[in-house]
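Please treat every number below as a calculation from the coordinates, not as lab data. Given the structure is predicted, the values throughout are model-derived calculations rather than measurements. Virtual Cβ from ideal backbone geometry, glycine too; neighbours counted across all protein chains shown.
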Amino acid sequence: MGFTKKGMLYVLIAAILWGSSGVCAQYIMEKSHIAAPWLTMVRLLSGGAVLLILSFFHGDKIFAIVKNRKDTLSLLFFSLFGALIVQLTFLVTIEKSNAATATVLQFLSPTIIVTWFALARKAKPTLAVTAAIATSLIGTLLLVTHGNMTSLSISTEALVWGIASAFSAALYSTYPSKLIARYGTLPIVGWSMFLAGLMLTPFYGNSGGDFVIDGNLVMAFMYLVMVGTALTFSLYLKGAQMIGGSRASILSCAEPLSSALLSVALLGIAFTLPDWLGTLMIVSSVLLISLDSRKRMQAAA
């Protein structure tokens, strides 16, 4: 297999596994009665620890950031408003609705990012970006109303958490670029997740004693941490390095589609025709943004 094809395969597998992690989280919460905040805390602590161990064996200097006070404060800010909020809002949205809806709503983050940068730079958005924004808005309406614009098909609470998840994912994707450039991706993401888990511990550390546990749930949790976090993240990073960010963004559109398909197949979630149309429109908006970004990069080269 060629270098480019291998990179594309890595990213595609990562996107599918990311989609499955939300389904896995829903299964754990439904079967064990674990609350979303507690699961968020344990996932962040476990996933962060795994990524830091991988980073250490990768040869990264994982403690280098603590020598710089300003960067340490930036890491703490990112841990709280990036890693903690994005994971908590995502899992609470699953708890209030389902994995497919939560994943698709969070996938609005690329549209939020390009809209924010267009407003901040006071630049007129391109036709492709304008079309992407309109497409994502229509897709969201279809998803949360089942096509009936007079009522919501999900609770208002779920919609608010889902939109918050999209905004937090936008911050998570853009804020740490300088830290990652200085210290590497694995150390920054590993520390941010681990520190975010520690921040939740005083509030939820003693609240996880009433849940149901069995062998299947243990395996599901191991899958969530090891496959849905560590393996997935490593595959995506490797693949993105091999094929570039634009292609990786396009292939990552498999994430909400895989989440929707797995939710229907494994959890029995009812996805109507308007839901599928809304999902496809949101995915299409990301494709438009990715293709527009790639075109502008080629024009500037």
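Observations on the structure shown:
- When the C-alpha to C-alpha distance is required to be over 22 Å, the pairs from K67/K238; K124/K295; K5/K61; K70/K122; K61/K178; K31/K96 that qualify are K67/K238; K5/K61; K70/K122.
- Span-like helix criteria (full DSSP H runs; alpha carbon extent of at least 20 Å along the helix axis; mean Kyte-Doolittle hydropathy of at least 0.0) are satisfied in the chain by 3-32, 36-58, 127-145, 156-174, 185-204, 273-300.
- Gyration tensor (Cα) of the stretch 1-77, equivalent ellipsoid semi-axes in angstrom: 27, 25, 11
- With Cα atoms as the point set, the radius of gyration and Dmax of the stretch 3-300 evaluate to 18.8, 58 Å.
- Translational diffusion coefficient of the stretch 220-267 (Stokes-Einstein, Kirkwood radius from Cα pairs, 10 °C, 1.306 mPa s): 133 µm²/s.
- In a fully extended conformation the segment linking S173 and H33 would gain 47.3 nm over its present Cα-Cα distance, using 0.36 nm per residue.
- Only the Cβ atoms of Lys and Arg (+1) and of Asp and Glu (-1) were treated as charged; on that basis the dipole of the stretch 35-127 about its Cα centre amounts to roughly 420 debye.
- For the stretch 5-147, the fraction of alpha-carbon pairs in successive 5 Å shells from zero, as %: 2, 8, 11, 14, 17, 17, 15, 10, 5, 1, 0
- The stretch 1-77-the stretch 271-292 distance, computed between alpha-carbon centres (Å): 25
- When +1 charges are put on Lys and Arg Cβ atoms and -1 charges on Asp and Glu Cβ atoms, the dipole computed for the chain relative to its Cα centre reaches about 1380 debye.
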